[in-house]
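The values are calculated or read from the model by the stated rules, or taken from the named source; none is laboratory data. Predicted model only: the values in this text are computed from it and were never measured. We place every Cβ from the backbone using ideal geometry, glycine too, and count neighbours over all the protein chains shown. Ligands, DNA and RNA are stripped out before the accessible areas are found, and what is left, the full protein with its side chains, is counted by its heavy atoms. Shrake-Rupley method; radii C 1.70, N 1.55, O 1.52, S 1.80 Å.
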Amino acid sequence: MSNGRISRSRQAVCDEFYTPYDMVARGVEPYRDRFAGRHVLLNTNDGDWSAFWQYMVDHYHELGLASLTSLEYSNEHATLFAGPADHGRIHRYDGIRHSVEDVSDSGGYASPSGLAELARADMVVSNPPFSRLGEYLPLLDKADVLFLVVGNLNALCYTDVFPLFQQGRVMPVDHNGQAANWFILPFEPEHATMRRRDGMGRPMARVSRTAWLTNLRTKPVMFKPDHLYNPNVNRTYDGMTVVDCPSRNLIPCDYEGRIGAPASVLSRWPQGWRPIGVLGQGPGMVRPCIDGREQFRRLLLERGSWRPGLHTK
């Protein structure tokens, strides 16, 4: 492969973190009984090499799958650098045979072949590029399939994803309060924090604020705030009747107005509060300020009953 193609390949995967086999096992375990009879699709460049494919093939009969389909993506398809073999592929497994077929497009989840496979599936399991979650999760919701995907918790605040979270149609899965996970890196990193290697010597990085996101029925993790409102701590935003909560532990239990809560509430939700919006979301949106200084993105909450995951399947 030429240096130019290597560079483009690096750029294409810089947003990708490959999921270890044991993480797939932990993610599937709480929902093992939901896989029976399902046509499962792996649609984010899993081919026949990802841990998702390996796990599903290893446990195909235990899970009772009806079929397993995996898309293999070609990032060179339809570019000036494309060669005869630069096209997507579809891998299929029926519990006995593994077959592969070429497609005329890239094999991506939003390609014609990817959308056709999504229409045939009734469950999707995947680890999409985190930067694409804003379009990927609404696509799955619109397709009306069950899904269990790895993602960044911040994606629940994205413009097209937040309404799904607000309506309980996508929720994070709790794994003992763990909000960071180790992922395999596709290339040797030049700079990485908390780095280690897996049993095969591949580089890994710990990625914070990651979790499984699903529309399968899941038990929400909630806590009861016990902080007493303090105007010196819970400052009021400039030009707004909303008070700031600098951390999850500083959500007041005795305040009846609206609050701006940090994104950490996505993994542990405060009882007695419901989400109504996101402050500082995207260009042109109102950014919360205190004494003229912009604050981090905040979820806008108000008093009221809300049961996370109520409308999951």
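Below, the figures for the structure above:
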{"read-out": "Qualifying positions in segment 281-304 - at pLDDT 75 or above, outside any strand (DSSP E or B) and out of contact with any strand residue (DSSP E or B) (no Cβ under 7 Å at 6 or more places or on another chain)", "value": "D291, G292, F296"}
{"read-out": "Sole residue being out of contact with any Pro (no Cβ under 9 Å at 6 or more places or on another chain), modelled with pLDDT of 95 or more and not small (G, A, S), chosen from L137, L80, L148", "value": "L148"}
{"read-out": "Test: residue in segment 141-151 that is assigned to a helix (DSSP H, G or I), under 14 Å from the mean Cα position of the chain (by Cα) and in contact (Cβ under 8 Å) with a residue 12 or more places away in the chain", "value": "yes"}
{"read-out": "Hey, R258 of a type in the set (D, E, K, R), surrounded by 15 or more Cβ atoms within 10 Å (Cβ to Cβ) and modelled with pLDDT under 95 or not", "value": "no"}
{"read-out": "Residue list for segment 197-248, filter: in a strand (DSSP E or B), open to solvent by 50 Å² or more (accessible area, probe 1.4 Å) and over 25 Å from Q166 (Cβ atoms)", "value": "R197, R206"}
{"read-out": "Residue within segment 58-76 that is in contact with a Leu (Cβ under 8 Å, 6 or more places away or on another chain), at pLDDT below 95, open to solvent by 40 Å² or more (accessible area, probe 1.4 Å) and closer than 21 Å to L213 by Cβ present", "value": "no"}
